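What follows draws every value from the coordinates through simple rules; no lab data is involved. What you see is a predicted model, and the numbers here were worked out from it, not measured in a lab. Positions of Cβ are generated from backbone atoms using ideal geometry, with glycine treated the same way; all protein chains shown enter the neighbour counts.
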């Protein structure tokens, strides 16, 4: 397990790469409901929006075949679990299309794919810095509260209704 000091932000991705990889070698993945028969689509691409390097998730969320999500997913620590207990939450610099998205966290307590801890936010069509405290993340299909000392994965998710996903992330970090 990777443990962090809390003097400053801990950068998860600052988009200094023009690939799907982060500065620490982790890699973003596009995941959709097609893994369970759904019809949603998702594509990830490194790009520039208003002069800022970012990772862009573009897709269509469809409710066909019991579907309903498109996601950009990142494993947080190659060694297994990330100890973020010394931090207050997630900070994200984003640019969107005025839609509501979720940030999903997976931890050691989420063993089944549909389990997560979720916080919703709106992504305006301008650059915005958003802070989501760990206390805002609600358990979904898991009966334990979020334990930030055992984080496994983060996902930026368009979910639950038909929509066009178009969201860009320039920086993702843990904030003190």
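General remarks:
- Distance cut-off 25 Å, percentage of C-alpha pairs in the chain lying past it: 28
- P(r) weight above 19 Å for the range 91-176, C-alpha pairs, percent: 38
- A straight line joining the Cα centroids of the range 106-176 and the range 40-92 runs 9 Å.
- FRET efficiency, residue 79 to residue 162 (Cβ-Cβ, R0 35 Å, nearest 0.05): 0.35
- Ranked by the mean number of other Cβ atoms within 10 Å of their residues, highest first, the peptides 61-70, 33-42 fall in the order 61-70, 33-42.
- Virtual spin-label span in nm between residue 135 and residue 20, 7 Å along Cα→Cβ: 3.7
- Relative contact order computed over the range 95-176 (Cα-Cα under 8 Å; 6+ residues apart), in percent: 40
- Antiparallel %, DSSP beta bridges [both residues in the chain], to 5: 95
- Cβ-based exposure ranking for 60, 162, 91, in which fewest neighbours within 10 Å come first: 162, 60, 91
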